[in-house]
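Participant: Mind looking over this structure? Questions follow.
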Amino acid sequence: VREIDERGLLHVMNEAIRQCAAWARAGLDMHVGLNISARDLLQPELPERFLGMLATHGCEAARITLEITESAVVEDPRHALATLERLRATGCGLSIDDYGTGYSSLSYVRQMPVHELKIDRSFVMHLVERPGDEIIVRSTIELAHDMGLTVTAEGVEDEATLQRLAALGCDLAQGYLVSKPLPAAALETWL
């Protein structure tokens with residue numbers, strides 16, 4: 001099972017990098033985010049395989065952001081953080097995905113060499129009508145900015161939420177309000 005899972009990740013990673021490079025050659029300034037699981041993060045050869053794919057397709061590392069969950073580091077912090085450091089050295093972006101849903105402490109978040117924090121949709125979707133969610137989102141944005149991180153809100157599905165996030169200083173929004181997931185060709189048309 002592990003080998004199949006690993007091949008699946010490598011296939012998805014390779015296809016995403018190939019597509020990103022094709023967009024760059026076509027003059028589209030696109031960046032691609034790839035989710036990396038805890039198991040993937042513990043694979044010592046991941047950074048070298050990533051670099052190989054970038055070289056094969058002629059893709060700049062800076063066009064790729066690898067997204068990891070907080071809990072991915074908890075399983076084996078020493079190895080996970082070492083892999084993250086090696087991945088960061090490639091020049092790619094690193095992001096904490098689904099922030100607020102994991103069981104890690106802020107000490108892990110502080111140690112992670114990331115540039116972005118993505119607030120989980122469970123805190124964003126009812127932001128306007130739930131004062132408690134707004135407190136969590138506002139505090140997270142302030143904390144992330146104090147740490148020098150960009151903040152993306154996941155699950156933005158209406159204009160009122162988008163406007164409130166803007167007022168709170170959120171940097172980016174992701175969700176159905178912006179666009180539903182699209183195949184590459186449809187995305188090019190949408191752009």
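Participant: Count, please, the residues in segment 72-99 that happen to be of a type in the set (Ser, Thr, Tyr) and at pLDDT 95 or above.
Facilitator: Count: 1.
Participant: Anything in segment 146-173 that is out of contact with any helix residue (DSSP H, G or I) (no Cβ under 8 Å at 6 or more places or on another chain) and acidic (Asp, Glu)? List them, or say none.
Facilitator: The answer is ASP146, GLU157, ASP158, GLU159, ASP171.
To keep it simple, each residue is scored yes or no on (1) within 17 Å of VAL109 (Cβ to Cβ); (2) modelled with pLDDT under 90; (3) over 16 Å from the mean Cα position of the chain (by Cα).
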site: TRP23; (1), (2), (3): no, no, yes
site: GLY27; (1), (2), (3): no, no, yes
site: LEU34; (1), (2), (3): no, no, no
site: ALA55; (1), (2), (3): no, no, yes
site: GLU70; (1), (2), (3): yes, yes, no
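Participant: For segment 125-147, enumerate the residues that are under 16 Å from the mean Cα position of the chain (by Cα) and at pLDDT 95 or above.
Facilitator: If the condition is that a residue be under 16 Å from the mean Cα position of the chain (by Cα) and at pLDDT 95 or above, then ILE141 is the only one that fits.
Participant: Note down all Cβ pairs under 8 Å where the first residue falls in segment 80-101 and is closer than 10 Å to ALA61 by Cα, the second is polar (S, T, N, Q), and they're at least six residues apart or on different chains.
Facilitator: As it stands, the answer is CYS92/THR65; GLY93/THR65, since those pairs meet every condition given.
Participant: Another one. State yes or no: is LEU162 within 18 Å of GLU134 (Cα to Cα), open to solvent by 80 Å² or more (accessible area, probe 1.4 Å) and in contact (Cβ under 8 Å) with a residue 12 or more places away in the chain?
Facilitator: It is false that LEU162 is within 18 Å of GLU134 (Cα to Cα), open to solvent by 80 Å² or more (accessible area, probe 1.4 Å) and in contact (Cβ under 8 Å) with a residue 12 or more places away in the chain.
Participant: Also: Given the conditions (1) β-branched (Val, Ile, Thr); (2) assigned to a helix (DSSP H, G or I); (3) under 19 Å from ASN14 (Cα atoms); (4) out of contact with any Lys or Arg (no Cβ under 9 Å at 6 or more places or on another chain), report the number of the one that VAL73 does not fulfil.
Facilitator: All conditions are met except number (3).
Participant: What about VAL178, is it open to solvent by less than 40 Å² (accessible area, probe 1.4 Å), under 23 Å from THR65 (Cα atoms) and either β-branched (Val, Ile, Thr) or out of contact with any Pro (no Cβ under 9 Å at 6 or more places or on another chain) (or both)?
Facilitator: The answer is no for VAL178.
The values are calculated or read from the model by the stated rules, or taken from the named source; none is laboratory data. Not measured: the values here are computed from a predicted model. So basically every Cβ, Gly included, is an ideal-geometry build from the backbone, and we count neighbours across all protein chains shown. Please note that ligands, DNA and RNA were not included when accessible areas were found on the heavy atoms of the full protein model with its side chains. Shrake-Rupley method; radii C 1.70, N 1.55, O 1.52, S 1.80 Å.
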